[in-house]
1. At 20 °C and 1.002 mPa s, what whole-number value in µm²/s does Stokes-Einstein give for the translational diffusion of segment 62-145, with Rh from the Kirkwood sum over Cα pairs?
2. Rounded to the nearest Å, what's the spacing between the alpha carbon centres of segment 170-206 and segment 262-313? Just the number, please.
3. Rg/Rh for segment 216-307 to two decimals, with Rh computed the Kirkwood way over all alpha-carbon pairs.
4. So what are segment 163-263's ellipsoid semi-axes, whole angstrom, largest first, if each one is the square root of 5 times an eigenvalue of the alpha-carbon gyration tensor?
5. Segment 69-85 to segment 89-128: how many Å between their Cα centroids?
6. Which of 166, 272 comes first, and how do the rest follow, when ranked by fewest Cβ neighbours within 10 Å?
7. For a footprinting-style exposure proxy, rank 103, 311 by other Cβ within 10 Å, fewest first.
8. How would you rank 90, 167, 115, 183, going from fewest to most other Cβ atoms within 10 Å of each one's own Cβ?
Ligand SMILES: [Zn+2]
């Protein structure tokens, strides 16, 4: 019995000790909450500090920067696509850096890339980096073309029937080196065989147009059935898209042939029908010198026709493009030319069906439109080497080409 009572006592003592410990813990809690209650006045600062600490603990885990195009012109705005995860990341600030022409390029807070004169003729690696310590970065290359200068003349050089790898690439090399833009009216069947060349045209800033699929002689595109014409158009679009290039907005029918039926079919796809007004007739003369001399006859606003499938044209382009640039000419795509004339000189019309051009032919939008100089409106009539132009050359001192241009014209 004694043993039992001893046991009972020690158990009671143990229980008491436990109760005491629990009471102490409970008191500790009570006094802690009491202390915080007394600190009510200083609560603001402490909670802010706590919030900041919490915010910094939500870092960016994924950064994705997408640039919709591989090139821009100085003066154009380029909205970038920026995706940051998680949604609740606190510090979403990005630090932008540029491998070249750093002082002429900027990206706004809402992700719009802009350039100033000085950025042209560079291929710039653009890098976005997180600043919250997560050390994530994304880069892309951007080819920067010179700004469109409405005080100087324009030409749209166009190449049909390609791509043909050796000659097309050699011509693209010239365009690339000179930061010149041109338009390639590709054949669907060639785009199927050589998608890399179609993609390279696009990546280098060229416009890719449709020249239909087969270039059939009999029947010609215009003499095909409506169903055949539609197939020619759709198969070409599909080939261009498969090459990773946007659906074309320009179409040049083979031989420029068109009748109302063909025109309506082409227009039903939203295409602009684009012909030319300076035909080098390269296929007929088959001479580098001849093509060169024909290109050098270019006047402001001309759409020049040649074919990128001929070896002899490579040398002609190699000579003519830098020479025309030296004379003040700007090489633009057909859509850019349309944009320039449509917004600045409504009355301009040569041999092209400008009224058939559609607004979605515009590749990029320019932030501002400047006044079309009156001297250019005068030369828009298309006279070659006239006295009128000689007078203009004196007035427009920045455009010596108008004087020099008279020699090749003869
Ligand atoms: Zn053709």
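1. Reported coefficient: 164 µm²/s.
2. Result: 15 Å between the Cα centres.
3. Here the Rg-to-Rh quotient is 1.03.
4. Semi-axis lengths for segment 163-263 are 25, 13, 12 Å.
5. Each part's Cα centre sits 9 Å from the other's.
6. Fewest-to-most Cβ neighbours within 10 Å comes out as 166, 272.
7. Going from least to most buried by this count: 103, 311.
8. By the 10 Å Cβ count, ascending: 90, 167, 115, 183.
Values in this text are rule-based calculations from the coordinates and carry no lab data. Since the structure is predicted, the reported quantities are computational estimates derived from the model, not experimental observations. As a convention, Cβ positions derive from the backbone with ideal geometry for all residues, glycine included, and neighbour counts pool all protein chains shown.
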